[in-house]
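Participant: Structure below; questions to follow.
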Amino acid sequence: MSPDPSALSAAFGEAYQRAPEGVWHAPGRLNLIGEHTDYNDGFVLPFALDLGVSVAAARRDDGMLHVRSLQAADQGITVPVKGGSLDGWALYPAGVAWLLHEHGAGGASLLIDSDLPAGAGLSSSAALECATALALCDLYGIEMDRRELALLAQRAENEHVGMPCGIMDQSASLLATDGHALMLDCRSGLTSQVPFDPSASGLTLLVVDTRATHTLTGGEYAERRAECEEGARLLGVPALRDVKDLAAALASLADPVLRRRVQHVVTENHRVEAVVGLLRAGAVTELGSMLTASHLSLRDQFEISWPEADVAVEEALRAGARGGRMIGGGFGGSAIVLTATDRAAGVQAAIIGAYAARDWTPPTIFEANPAPGAHRVI
């Protein structure tokens, strides 16, 4: 389902009147469980999707970066590869190029294609960053460990886009493997591959793009992060990952908002570890209750869910799904639903019907399975 590399290569030739030197692809990610735990030094369990961002690229000798997208109507942007002033979507690849210039990257022409729905919470931004990073490293012979490259892409988003994201999205895009979820310790950077094949257990994992577009550069995400940091400060721990006695921690916090935030993060970390244990034991059918518990915590304790996600989960459960939850930063985007494969059609119909009854834009629903991480295609 990823963008056609041959078509992208041909489009590059039309745009730049030369052939690209290669095409690189980076997937979006779906976080099975572990939401808002990454910047709290906790645990996450994402996997790569077979949807993503592809970049056709070639070197330039004028020290400039030119970026175009097949999804944008404009003719692209041109900025110095050593740095410049820019806003909008092009900041994502430009920020990466500016940082890689410090490691020897020069000018480049980039043409981008994507089949990831923007605003769906599937990390199109990290996919764009990682595809760009791989392309520039290959073009200029920059040898960088993929964990280091993930940190560089995260830094580009933090410093140049102004989004205080954690390391999960870039790590998932660069380090995930086919048929596995990626257990990531966001403090140490250590990872392990956890087998995840729902179809082998007669299950289907559905992604519900609620069509309520989200943006994480607004104030809500930064506000939640600041609340978590304040909770950790008051509890005297480096990060909420270090809270060992939840009951005592909650009793010591006077602010009910901070109590709710702390409760979500601590229990969500426990849910990630529980899900990893279930997957390693082959108990995929038992995941549903963990997903639903995560959703309720994100809705009630972290307070970042939205009506379309709540309805999607509620209607899926009513139709017989095993579990479901909102995913991503919140306030819009997507939800996931785990259901027996023979119930999947009925679950989808229930969700679509509930949206129609409310005169909402129909959701887009598709099946998700773990796919390979970022790689060179041509």
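The values are calculated or read from the model by the stated rules, or taken from the named source; none is laboratory data. Predicted model, so just to flag it, every value in this text is computed and none were measured. Glycine also receives a Cβ, built like all others from the backbone with ideal geometry; neighbour counts cover every protein chain displayed. These accessible areas exclude ligands, DNA and RNA; they are computed on the full protein's heavy atoms, side chains included. Shrake-Rupley method; radii C 1.70, N 1.55, O 1.52, S 1.80 Å.
Participant: Given R₀ = 22 Å, FRET efficiency for residue 364-residue 178 by Cβ-Cβ distance, to 0.05?
Facilitator: Computed FRET efficiency for residue 364 and residue 178: 0.40.
Participant: Determine the sum of side-chain charges near residue 338: Lys and Arg each +1, Asp and Glu each -1, restricted to other residues whose C-beta is under 12 angstrom from that of residue 338.
Facilitator: After counting each charged neighbour, the total is +1.
Participant: Per-residue accessible area for residue 230 at 1.4 Å probe radius, Å² rounded to 10?
Facilitator: For residue 230, solvent-accessible area is about 60 Å².
Participant: From a point 7 Å beyond the Cα of residue 200 in the direction of its Cβ, which residues of the range 273-309 have a backbone N at a distance under 12 Å?
Facilitator: Residues 279-284 fall inside that zone.
Participant: What percentage of the solvent-accessible surface of the chain, computed with a 1.4 Å probe over protein heavy atoms, is contributed by carbon and sulfur atoms?
Facilitator: The C+S portion of the solvent-accessible surface of the chain is 50 percent.
Participant: Let me ask you something else. According to the square roots a ≥ b ≥ c of the eigenvalues of the Cα gyration tensor, what is the shape class of the range 48-125, taking rounded for a/c under 1.5, prolate for a/b larger than b/c otherwise, and oblate for the remainder?
Facilitator: In terms of gyration-tensor shape, prolate.
Participant: With the Cα gyration tensor of the range 265-338 giving a ≥ b ≥ c as the square roots of its eigenvalues, does the rule (a/c under 1.5 for rounded; else a/b larger than b/c for prolate; else oblate) give rounded, prolate or oblate? Each step should come with its number before you reach the end.
Facilitator: Working: a/c = 2.35, a/b = 1.30, b/c = 1.81.
Oblate.
Participant: Please label the shape of the range 99-232 as rounded, prolate or oblate, based on the square roots a ≥ b ≥ c of the eigenvalues of the alpha-carbon gyration tensor (a/c under 1.5 means rounded; beyond that, a/b larger than b/c means prolate, else oblate). The partial results should precede the final answer.
Facilitator: Values: a/c = 1.43, a/b = 1.18, b/c = 1.21.
Rounded, because the longest to shortest axis ratio a/c is under 1.5.
Participant: Would you mind calculating the relative contact order of the chain from Cα pairs under 8 angstrom and at least 6 residues apart, reporting the percent as a whole number? Mind dumping the intermediate values first?
Facilitator: Values: 841 pairs, mean separation 86.9, N = 378.
23 percent.
Participant: Turning to a different aspect of this structure: Where Lys and Arg each count +1 and Asp and Glu each count -1, what net charge lies around residue 149 among other residues with Cβ under 12 Å from its Cβ? Walk me through the intermediate numbers first.
Facilitator: Details: positive: 146, 147, 155; negative: 129, 138, 143, 145, 148.
Summing Lys and Arg as +1 and Asp and Glu as -1 gives -2.
Participant: Can I ask one more? Among 85, 297, 9, what's the order by accessible area (1.4 angstrom probe), most exposed first?
Facilitator: 85, 9, 297
Participant: A follow-up question, please. Leaving out ligands and nucleic acids, note down the accessible area per residue over the range 155-219 with a 1.4 angstrom probe, in whole Å². Walk me through the intermediate numbers first.
Facilitator: Numbers: 2360 Å² over 65 residues.
Solvent-accessible surface per residue comes out at 36 Å².
Participant: Same structure again: In whole Å, what are the Cα extents of the range 159-296 along the three principal axes, biggest one first?
Facilitator: Over the range 159-296, Cα extents along the principal axes are 47, 38, 31 Å.
Participant: Then there is this: Starting from the Kirkwood radius over alpha-carbon pairs of the chain, derive D by Stokes-Einstein at 37 °C in a medium of 0.692 mPa s and give it in µm² s⁻¹.
Facilitator: Stokes-Einstein gives a translational diffusion coefficient of 155 µm²/s.
Participant: Same structure again: With +1 on each Lys and Arg Cβ and -1 on each Asp and Glu Cβ, how big is the dipole of the range 149-264 about its Cα centre, in debye rounded to the nearest 20?
Facilitator: In debye, rounded to 20, the range 149-264 gives about 260.
Participant: Okay, next question. Using 1/(1 + (r/R0)^6) with R0 = 45 angstrom and r between the beta carbons of residue 188 and residue 341, what's the FRET efficiency to the nearest 0.05?
Facilitator: It comes to 0.80.
Participant: Now for a separate question. Calculate how many DSSP beta bridges within the chain are antiparallel, expressed in % of all such bridges and rounded to the nearest 5.
Facilitator: Close to 90 percent.
Participant: Hey, another quick one. When only the heavy atoms of the protein chains count and the probe is 1.4 Å, how do 352, 167 rank by accessible area, highest first?
Facilitator: Per-residue accessible area, sorted high to low, gives 352, 167.
Participant: How many angstrom lie between the C-alpha centres of the range 78-117 and the range 245-307?
Facilitator: The range 78-117 and the range 245-307 have Cα centres spaced 37 Å from each other.
Participant: Please report the net charge: other residues with Cβ closer than 14 Å to the Cβ of residue 317, K and R +1, D and E -1.
Facilitator: Numbers: positive: 299, 318, 322, 325, 343; negative: 310, 314, 315.
With Lys, Arg at +1 and Asp, Glu at -1, the neighbours total +2.
Participant: Determine the calculated [θ] at 222 nm for the chain from helices alone, applying -39500 (n - 2.57) to every DSSP H run no shorter than 4 residues and normalising by the residue count; nearest 500 deg cm²/dmol.
Facilitator: -12500 deg cm²/dmol
Participant: Distance in nm between label sites at residue 273 and residue 252, each 7 Å beyond Cα in the beta-carbon direction?
Facilitator: Rounded to a tenth, the inter-label distance reads 1.9 nm.
Participant: For the chain, the longest stretch holding no trypsin sites (Lys or Arg not before Pro) located in a DSSP loop with at most 14 other Cβ atoms within 10 Å is which?
Facilitator: Numbers: sites that count: 18, 244, 358.
Longest gap between qualifying sites, sites excluded: 19-243.
Participant: Another one. State the extension gain, in nm to one decimal, for the chain segment bounded by residue 85 and residue 222, taking 0.36 nm per residue of separation less the distance between their alpha-carbons.
Facilitator: Once the chain is fully extended between residue 85 and residue 222, it gains 47.0 nm.
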